[in-house]
Amino acid sequence: MNLKYFRNIVAPAALLLISGIAAVGQNHTSNPDHYYLNEDKVPSSLTILMCPPDTASARFAYDREQYEWGKTQRDTPRGRQAVTDANLDWYTDWADDAFGEAFGSPITKKENPELYKLIYNMQEDAGDLATREAKKHYMRTRPFVFWNEPTSTPDHEEGLRKNGSYPSGHTSIGWATALVLAEINPARATEILKRGFEYGQSRVIVGAHYQSDVDAGRVAGAGIVAMLHTDKGFRKQLEKAKKEFAKKNKKRK
């Protein structure tokens with residue numbers, strides 16, 4: 001290869017690619033092109049949620065109790081599932097890893113493309129828009145920072161330190177996803193909603209969130225699903241996903 005060409009063209013391009021990959025890896029829920037809703041159409045998380053508990057309150061004592069419980073789960077199969085649940089990178093099959101078994105059908109681009117598109121395109125509505133206002137207002141310190149202890153997801157810690165803990169965006173995404181999947185496959189609603197509940201508890205187990213963050217995240221997730229149903233684009237994609245699932249489910253029978 002011509003050395004001048006390598007220095008002037010190939011090397012800078014390679015560095016740009018590497019830096020882009022690194023940036024994506026640090027921003028675990030970043031895909032800003034994927035929003036159904038405008039910010040002014042989203043319920044105010046700051047208004048609808050109570051403030052996070054004071055450190056001298058009984059609510060915070062429960063947060064501490066749950067945090068200690070979470071640490072006992074880390075070196076178990078449940079703890080390993082919690083680490084898997086922490087991965088919300090939009091370019092992975094996180095939804096299938098988290099909900100495929102409970103849903104009873106793969107949530108992948110190859111197997112169920114319309115369902116895949118629905119779930120992945122609502123991720124930022126549920127995770128970012130649903131929680132943004134309260135997160136920015138409270139900027140609650142994460143439990144692993146407050147108690148100066150490691151999490152079971154060390155690669156995420158640097159980013160989490162800069163991001164408010166209340167409410168939990170992961171939980172909001174997980175609960176919103178569970179509600180939508182249960183609507184598409186009501187025959188497995190119990191399994192799906194159980195998995196959605198567990199998805200939030202995973203945040204307590206890894207040490208990234210307090211229990212009160214998770215409880216508030218479920219409220220935010222439910223609120224965003226209600227508003228998504230008012231959006232024409234979401235409803236259109238939801239119907240495509242329902243038809244796709246019904247067709248495949250009929251074939252299996």
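The values are calculated or read from the model by the stated rules, or taken from the named source; none is laboratory data. These figures come from a predicted structure and were not determined experimentally. Here Cβ is always computed from backbone atoms with ideal geometry, including for glycine, and neighbour counts include all displayed protein chains. Side chains included, ligands, DNA and RNA excluded: accessible areas come from the protein's heavy atoms. Shrake-Rupley method; radii C 1.70, N 1.55, O 1.52, S 1.80 Å.
Things to note:
- Counting protein heavy atoms only, the range 76-198 has 52 percent of its accessible area on carbon and sulfur, 1.4 angstrom probe.
- Among Asp93, Asp125, Asp231, residue whose mean-square fluctuation peaks in a GNM of the chain (springs only between Cα atoms under 10 Å): Asp231
- Between the labelled values [x] 19.2; [y] 18.2; [z] 22.0, the entry that holds Kirkwood radius over Cα pairs in Å as derived from this structure is [x].
- GNM top mover of Glu149, Glu101, Glu239 - the chain, alpha-carbon springs below 10 Å: Glu149
- Highest-MSF residue in the chain out of Ile173, Ile184, Ile205 [GNM, Cα springs under 10 Å]: Ile184
- Calculated mean residue ellipticity at 222 nm for the chain: -18500 deg cm²/dmol, from DSSP H runs with n ≥ 4 weighted as -39500 (n - 2.57), summed, divided by the residue count and rounded to 500.
- Extension gain, Ala56 to Thr84, is 6.8 nm, computed as 0.36 nm per intervening residue step minus the present C-alpha separation.
- Where the chain is the region considered: accessible area per residue in Å², 1.4 Å probe: 52
- In this structure, Thr72 and Lys136 have a Cβ-Cβ separation that, at R0 = 25 Å, corresponds to a calculated FRET efficiency of about 0.15.
- Of the residues Ser168, Ser152, the one with the largest accessible area comes first in the ranking Ser152, Ser168, computed with a 1.4 Å probe on protein heavy atoms.
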